[in-house]
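What follows is a single structure, written as structure tokens, with notes after it.
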Amino acid sequence: MAGQGKSRKRLLLEIRYLQEETAPDTPINIEGLRSYLGELTAIRSIIYQDLHEMEEMGFGIRHTKNGHYYYDRQSFTQGELSLMIDLICCAGYPDAESARNLILHIKQMGNNEQFDKLTEQTWLFLRNKADNPECIPSTDLIHEAIREGKRIRFQYAHTDRFGNSVPDSTYTLSPYQLIWNNSRLYVIGGYESKTGFQLRSFRVDKIYSPEMLTEKLLRLPREHAFYSTRQRGFDAERYLQSTFDMFNARDEQLTSVTLCAANYLIGAMTDTFGQELQLQEYDAAHMQFTADIQVSNMFFGWLARFTADQVRILAPAGLAADYRAHLQFIIDGIGT
């Protein structure tokens with residue numbers, strides 16, 4: 001029994017070493033592996049047999065013509081692993097803890113040298129993350145419901161005046177599609193209301209306690225504007241192009257801007273400027289916050305979506321004057 005335990009430990013150490021220290025361009029020979037095993041080492045023929053059996057069983061062990069061995073991740077270059085981490089860092093989804101775990105799993109696909117390189121700057125993923133730990137399980141359940149053609153029920157959260165997510169409304173939805181937009185993941189689906197069929201998008205990170213029901217999903221009516229005859233259902237591309245509005249300033253100069261926003265628009269503000277906003281009460285109907293903004297005509301265009309009572313610039317005064325001049329320039333150009 002002691003011999004069997006030693007053999008198992010030797011095999012595990014061999015696998016760990018090959019995974020952590022080797023790659024197609026940095027293989028190791030038998031003597032290098034024997035040196036690493038120390039007191040658990042064995043004669044060359046036994047280690048050769050270990051490696052041969054691991055290769056045959058599909059453990060990802062590969063050998064070269066000159067008798068060297070390496071672990072083949074089949075898979076991903078360092079650049080590809082970096083891209084996956086960058087995508088997680090840039091997205092507002094999922095929550096920070098789930099993002100940490102995902103990044104760790106991606107790093108473990110590389111060897112020790114790649115792991116160290118991939119560790120750089122991953123602090124960025126802490127910025128503007130959702131605060132809902134149910135993000136990934138919810139996404140998995142929605143995918144399953146779409147595949148199975150079933151309805152789902154969930155609680156949906158709104159953002160209160162202090163920027164906190166508060167689950168309050170319950171929906172039963174027939175999910176059609178999951179769509180990424182502006183670093184957020186949305187589920188688009190339909191349901192019957194008192195006024196008839198409704199098509200609506202829900203942010204997945206605001207969905208809590210989802211469950212898949214036994215009822216089959218409600219099909220999108222053929223006469224609906226987003227029905228696709230070719231796809232025999234929901235036209236996700238058309239919906240995305242016509243429904244969502246993007247905010248994307250390009251100027252690299254940052255200006256510290258203090259804005260005042262109506263309480264019911266705080267969710268829209270945190271969506272745009274990030275969850276880290278420091279909100280303060282301005283009056284009973286408004287909150288104020290300061291954000292670093294890339295000021296440009298695109299920012300002014302975004303601001304022009306709101307009335308002065310909904311969102312307005314409090315400071316700096318010069319920027320408020322620039323915004324008035326921008327609007328006046330548009331007014332002066334109407335009809336010319």
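No value in this document is a laboratory result; all are computed from the given coordinates. All values derive from a computational prediction rather than experimental measurement. Note: ideal-geometry Cβ built from the backbone for every residue, glycine included; neighbour counts use all protein chains shown.
Per-structure values
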{"item": "Positive minus negative residues near Lys206 (Lys, Arg vs Asp, Glu; Cβ under 11 Å)", "result": "-3"}
{"item": "Residue order, fewest to most surrounding Cβ atoms within 10 angstrom, among Leu12, Leu265, Leu213", "result": "Leu12, Leu213, Leu265"}
{"item": "Residue exposure sequence - Thr26, Thr41 - by fewest surrounding Cβ within 10 Å", "result": "Thr26, Thr41"}
{"item": "Extension gain (nm, one decimal) between Tyr191 and Cys90, 0.36 nm per residue minus Cα-Cα", "result": "33.2 nm"}
{"item": "Relative pair counts by distance (%), Cα atoms of segment 254-333, 5 Å bins", "result": "3, 14, 28, 27, 17, 8, 2, 1"}
{"item": "Efficiency of FRET from Cβ geometry, Asn181 and Asp160, R₀ 25 Å, rounded to 0.05", "result": "0.60"}
{"item": "Efficiency of FRET between His105 and His143 - r from beta-carbon atoms, R0 22 angstrom, step 0.05", "result": "0.70"}
{"item": "Largest to smallest principal axis extent of the C-alpha atoms in segment 2-71, angstrom", "result": "36, 24, 22"}
{"item": "222 nm mean residue ellipticity, helices alone, for the chain (DSSP H n ≥ 4; -39,500 (n - 2.57); rounded to 500)", "result": "-11500 deg cm²/dmol"}
{"item": "Cα→Cβ-extended label distance, 7 Å offset, between Tyr264 and Ala236, nm", "result": "3.2 nm"}
{"item": "Longest to shortest principal axis, alpha-carbon extents of the chain, angstrom", "result": "87, 53, 41"}
{"item": "Tilt relative to the chain, helix 44-56 - C-alpha long axis, 0 to 90 degrees, to 10", "result": "40 degrees"}
{"item": "Separation of alpha-carbon centers, segment 197-223 and segment 287-336, rounded to whole Å", "result": "37 Å"}
{"item": "Across Lys9/Lys129; Lys107/Lys216; Lys107/Lys150; Lys9/Lys107; Lys129/Lys194, pairs whose alpha-carbon gap is larger than 31 Å", "result": "Lys9/Lys129; Lys107/Lys216; Lys107/Lys150; Lys129/Lys194"}
